[in-house]
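Nothing in this text is a laboratory measurement; each read-out follows from the coordinates by a stated rule. As the structure is a prediction and not an experimental result, all values here were calculated from the model. Note that we place each Cβ from the backbone using ideal geometry, even for glycine, and neighbour counts take in every protein chain shown.
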Amino acid sequence: MINQSQKLNPKLFDKKVDEVPIRKGFGQGLLEIGEKNPKVVGLCADLTESTQMHLFRNKFPNRFVEIGVAEQNLAGVASGMSAMGKIPYISSYAMFSPGRNWEQIRTTICYNDRQVIIAGSHAGVSVGPDGGTHQAIEDIAITRVIPNMIVISPCDHIEARKATIAAAETGKPTYIRLAREKTPVITTNETPFVIGKAQLFYGEQSDRADVGIAATGALVYKALKVAEQLSKENIKAKFLNISTIKPIDIEQVVSLAKTCGAIVTVEEHQIHGGLGSAVSEVVTQNFPVPIEFIGVQDKFGQSGTPDELLEHYGMGESHIFAAAKKVIGRKS
Amino acid sequence: MSINLTDEKIKFLEEKAKDIRISIIEMLVAAGSGHSAGPLGMADIFATLYFFILRHDPKKPDWEGRDRLILSNGHINPVLYSTMAHAGYFPVAELLTLRKFGTRLQGHPHREYLPMLETSSGPLGSGLSQAVGMAIADRMDHGKTSDRFFYCLMSDGELDEGQSWEAMLLAAREKLGNLIVIVDRNNIQIDGNTEDVMPLEKLSHKFESFNFHVEEIDGHDYRAIAEAVGRAQAVFDGPSVIIARTIPGKGVSFMERDYKWHGSPPGTEMAGEPPKDEQAKIALHDLRTLGGQITSEHE
């Protein structure tokens, strides 16, 4: 059962559920926090509309810096502006920032512990026709491994808006992962969101269940639908939305392991180093249970429609469903 | 700021540069590793900056109105630490903790350990971007009325890094008259002489074509350093660069102009060099007997 305390979209499982790109929430959130906090500045590497930073640029042209196609400079300039008391938000495609400029992010931003918010758009294979060069499926791994960094992967545009606004208050380097394609609207403005807290979208906190599903980002909707399908087959599932991948909500992950005894992780990312790895690190240290990992299995992406690619790389609903059954079978 | 150095002031700077150099040798010997040539070559410029040019207060390192000095080539930090200590930021005795476990003086600058640093550095090519970001932020807040300057110190070898040129494009577009870049043109990098490893000449033309105001000076001539900075400060409508020709290893006879000393401390076994146990003694003797009268080959 949907957890009513989460106040999710009542039309969640309707055929005509609203769909909005996650990146739109970043654009809206940045505009709002820009209005509230004069220290907020925006920097972009020649992808201002695509990353939705144009809303901020149009409203605050004097607090926007166009960097051109130069992501390494993007990171360094932002670090310098942070040193002068600004709160810089930088945006590009995830493949280029934090991809191309990883070392600059590590040294000039994280090693200096400068508050810079890095918005990486077009993450995941669902970027589609552009092909593998533009499909960032390693970005969670390379950001969460850096000390001082917070990593957030919102599940819809509403959560992305909240994360963008909340990031201004962290005082820390923060990575926000965004997707390009339209994504079903899962949450509402009333859904609780706190950086570092995972939310139980399906099942009650004290429930025991046959399987726990933990998902992040654009695949949360598909994974949540699988929880519903499983319940129709009398398989009881709980579902945890892990939008903050670092610091991960240890309490909720351990609770999922204890109450379900088996977990499936779901992410549009390599299975190495992403959400599945983060969950596994917590579970194996605290309450070991079997885990199945849904994600890209050590491959590069290619051109195609988002659905074709998600199916091809084993991230479709049928794959999640099968993984749930498999992991239940692995319980001792 | 007056750019005219009196003879007394020059004498004072010479003494400071000598102290800075002696400390560099002492700290490198104590550390047993680190870079020698660059720090020695930049001692005159650091002395002129910290004891004549910079608006700063060693007792209030977080003073908001201070000029910012961003060291991009972090590996020459012995000269930064030595100069800061002699300027009163922290005790000179602490220099001997360089590179040791628990020290504030990390092998390459790290703000977490020494928060009075403007930035951490070591990986090359990133300092100018940060200086540009600082200068842009200052312009956003204060317009052209701000009297703060942002000095970015870079090596010539690090200009191999493409990011430096990305930052230059932006500095020029933003017309950052508050940005003054000083390039340590010592012609060496780890693998050899810069013009053999990756030619940079005609370097002044490159900067000019990136719309920088360019000064070329002898980096051991205090008067030339001060005058070049003064002229750079007077350029309001764009960034400036001072290409400072320096002698790597300046002041230590067996190190001068020899790229092999780029990344090694005194006490390193090296063919054609003095015995390793005598290197420190010779280096300190060289520096002390010159009595601070370190003169440039260009004079």
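Side notes on the structure shown:
- The alpha carbons of the stretch A:225-332 give a radius of gyration and a Dmax of 13.9, 41 Å, in that order.
- Pairs of C-alpha atoms in the stretch A:137-259 farther apart than 23 Å represent 31 percent of all such pairs.
- Value of Rg/Rh across the stretch A:19-184 [Cα atoms, Kirkwood radius]: 0.92
- The modelled label-to-label distance for the pair A:Lys326/A:Lys232, using points 7 Å beyond Cα in the direction of Cβ, is 2.3 nm.
- The value of relative contact order for chain A, using C-alpha pairs under 8 Å at least six residues apart, is 19 percent.
- With the convex hull of the Cα atoms taken as the outline of chain A, the averaged projected area works out to 15.2 nm².
- Exposed loop sites were defined as chymotrypsin sites (Phe, Trp or Tyr not before Pro) in DSSP loop states (anything but H, G, I, E or B) carrying at most 15 other C-beta atoms within 10 Å; in chain A the longest segment without such a site runs A:14-299.
- Counting only alpha carbon atoms, the long axis of helix A:22-36 and the longest principal axis of chain A meet at about 50°.
- Distant-in-sequence amide H partners of B:Ile243 (H built 1.01 Å from N, under 5 Å): B:Val183, B:Glu215, B:Glu216, B:Ile217
- Value at 222 nm in deg cm²/dmol, rounded to 500, when DSSP H runs of n ≥ 4 in chain B each add -39,500 (n - 2.57): -11500 deg cm²/dmol
- Adding -39500 (n - 2.57) for every DSSP H run of four residues or longer, then dividing by how many residues chain A holds, sets the calculated 222 nm ellipticity at -9500 deg cm²/dmol.
- Span per principal axis, largest first, for the Cα atoms of the protein assembly as shown (Å): 91, 53, 44
- Sequence-separation-based contact order of chain B, relative, with Cα cut under 8 Å and 6+ spacing, percent: 23 percent
- Cα centroid separation, the stretch A:221-256 to the stretch B:237-279 (Å): 61 Å
- Order of A:Lys299, A:Lys236 under a 10 Å beta carbon neighbour criterion, fewest first: A:Lys299, A:Lys236
- When the Cα atoms of the stretch A:1-89 are aligned to their principal axes, the ranges along those axes come out at 48, 25, 23 Å in descending order.
- Where chymotrypsin sites (Phe, Trp or Tyr not before Pro) fall in DSSP loop in the stretch B:1-70, at most 16 other Cβ within 10 Å: B:Trp63
- Percent of C-alpha pairs per 10 Å bin in the stretch B:18-79, short distances first: 20, 46, 30, 4.
- When A:Val226, B:Val132 are arranged by Cβ crowding within 10 Å, least crowded first, meaning fewest neighbours, the order is A:Val226, B:Val132.
- Alpha-carbon gyration tensor eigenvalues x 5, square-rooted, for the stretch B:75-191, Å: 27, 19, 12
- Considering only the stretch B:7-289, percent of DSSP beta bridges that pair antiparallel, nearest 5: 10 percent
- Within chain B, the proportion of C-alpha pairs whose separation exceeds 26 Å stands at 40%.
- Here the residues B:Glu216, B:Glu8, ranked from fewest to most Cβ neighbours within 10 Å of their Cβ, fall in the order B:Glu8, B:Glu216.
- Candidates per trypsin sites (Lys or Arg not before Pro) in the stretch B:38-114, loop by DSSP, up to 11 other Cβ within 10 Å: B:Lys59
- Here the Kirkwood formula, the inverse mean of 1/r across different C-alpha pairs, assigns the stretch A:280-332 a hydrodynamic radius of 12.7 Å.
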